[in-house]
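Every read-out reported here was derived from the displayed coordinates using simple, explicitly stated rules and does not represent laboratory data. Everything quoted here is computed from the prediction, not taken from an experiment. Cβ coordinates were reconstructed from backbone atoms using ideal geometry, including for glycine residues, and neighbour counts include every protein chain displayed.
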Amino acid sequence: MSIELNKEEQDFQTKKVSILASAHAMHDTYTAFLPALLPVLIEKFSMTNTAAGLLSVFLQIPSLTQPLIGRLADRRNLKLLIVLSPAITGVAMSLLGIAPSYGILTLLLLSAGISSASLHAVAPVLGSTFSGRKLGKGMSFWMVGGELGRALGPLIIVTAIAYLEPGGLPWLMIGGILMSVFLFGKLDGITTRPKKNPVSSHWWQAIKKMKHIMVPVAVLLLTRSMVSATLTTFLPTYLKSQGSTLWVAGASLTILQVAGMLGALIAGPLSDRFGRRKLLFSSYLVTPILMFFFIQADGILKILLLVLLGFFAIAIVPVLMAVVIENFSDNRSFANGV
């Protein structure tokens with residue numbers, strides 16, 4: 001298998017794309033443990049809020065290595081990183097509950113972060129290979145897998161704490177280990193390295209080529225992140241201030257996330273059919289209008305507008321990923337990492 005599409009690879013390979021999406025779901029289930037675990041860890045180590053907040057930094061900061069990992073994937077076969085990531089992240093995150101010190105917590109989170117960076121730099125590009133000419137659809141599968149994992153992770157960890165207590169959390173690593181064993185068999189004979197242009201251009205030349213695409217994509221991602229962060233952070237608080245019950249305020253966030261997940265599943269295939277630019281333009285045109293009417297609306301109309309907001313505001317990430325990957329055939333992993 002290669003990044004270059006041959007005649008047999010032009011069709012969407014649902015089974016293989018689904019395997020990678022499942023690996024993404026399993027992996028991100030583990031990384032989603034941390035927020036729900038923080039109260040337990042704060043109490044155990046008598047941490048300040050600053051020290052607790054730094055734990056998230058230790059998990060996220062290895063993502064800065066994604067361009068380097070992507071660059072290597074364009075020149076070497078890094079399939080093994082995809083295979084091992086669920087196991088490494090699963091083991092590291094499952095051991096947090098029994099970590100004896102803050103230093104060990106840091107090491108575990110850095111390990112999980114490096115594993116996460118490896119998966120997210122390489123696996124989406126391999127998924128694009130399996131997607132043939134339906135790249136948007138493939139990126140939709142990938143994103144939905146991650147969103148599903150992030151939704152399930154907190155539920156799994158709080159349930160495990162209730163029934164197993166922190167000392168029993170290492171049992172949770174079994175899922176990640178089994179997923180890695182599964183991937184080892186299913187990805188046999190596959191490479192992350194493109195056949196065409198096997199020796200990619202120098203990294204600075206690659207960056208120069210990317211500038212005309214990456215600058216507008218960065219602007220779009222920044223504005224999308226601002227809208228998404230505002231919605232996910234303040235939506236329950238806003239609804240509570242408007243007189244909603246605490247249950248309704250909390251449920252609104254679930255509605256938003258589920259709508260975003262379904263939207264992501266639809267947006268990619270639509271971009272394959274109608275074009276990436278049209279989907280992106282529609283999203284950025286409609287989202288502020290929907291937010292305005294959402295603030296003004298009441299009752300069932302408010303819920304319907306919330307569903308539409310989730311669809312248009314959150315669902316464009318697979319479209320942006322498709323734009324990046326399809327524009328850099330000989331540096332796909334590097335571009336995705338950047």
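Miscellaneous remarks
- Translational diffusion coefficient (Stokes-Einstein; Kirkwood radius from C-alpha pairs) of the chain at 37 °C, 0.692 mPa s, in µm²/s: 157
- Set Lys134/Lys302; Lys137/Lys186; Lys137/Lys278; Lys79/Lys134 screened for pairs whose C-alpha atoms are more than 26 Å apart: Lys134/Lys302
- Dipole magnitude for the chain: about 1040 debye, using +1 per Lys or Arg Cβ and -1 per Asp or Glu Cβ, origin at the Cα centre.
- Listed from fewest to most Cβ neighbours within 10 Å, the set Ser63, Ser283 follows the order Ser63, Ser283.
- Dividing the radius of gyration of the alpha carbons in region 7-199 by their Kirkwood radius gives 1.01 for Rg/Rh.
- Part-to-part distance (alpha-carbon centres) for region 32-82 and region 132-152, which is given in Å: 21
- Exposure proxy shown here: for Lys137, Lys186, the number of other Cβ atoms within 10 Å sets the order, fewest to most, as Lys186, Lys137.
- For region 50-63, 3J(HN,Hα) computed residue by residue from phi via the Karplus equation (6.51, -1.76, 1.60; θ = phi - 60°) reads 5, 4, 5, x, 5, 4, 5, 5, 4, 6, 8, 4, x, 4 Hz, glycine and proline entered as x.
- Estimated inter-spin distance, Thr159 and Phe45, nm [label 7 Å along Cα→Cβ]: 2.8
- Stretch gain in nm, segment Met226-Ala251, where the contour uses 0.36 nm per residue and the Cα spacing is subtracted: 6.9 nm
- The chain: calculated mean residue ellipticity at 222 nm from DSSP helix runs of at least 4, using -39500 (n - 2.57): -26500 deg cm²/dmol
- Our coupling estimate for region 131-143, obtained by passing each phi through the Karplus curve with A = 6.51, B = -1.76, C = 1.60 and θ = phi - 60°, is 7, x, 8, 9, 5, x, 4, x, 5, 5, 4, 4, 5 Hz, Gly and Pro reported as x.
- When +1 charges are put on Lys and Arg Cβ atoms and -1 charges on Asp and Glu Cβ atoms, the dipole computed for region 20-96 relative to its Cα centre reaches about 320 debye.
- Computed from backbone phi with θ = phi - 60° and the Karplus coefficients 6.51, -1.76 and 1.60, the 3J(HN,Hα) list for region 157-165 is 6, 5, 5, 5, 5, 5, 9, 9, 6 Hz; x is used for glycine and proline.
- When only alpha carbons of region 273-321 are considered, Rg and Dmax amount to 11.9, 36 Å.
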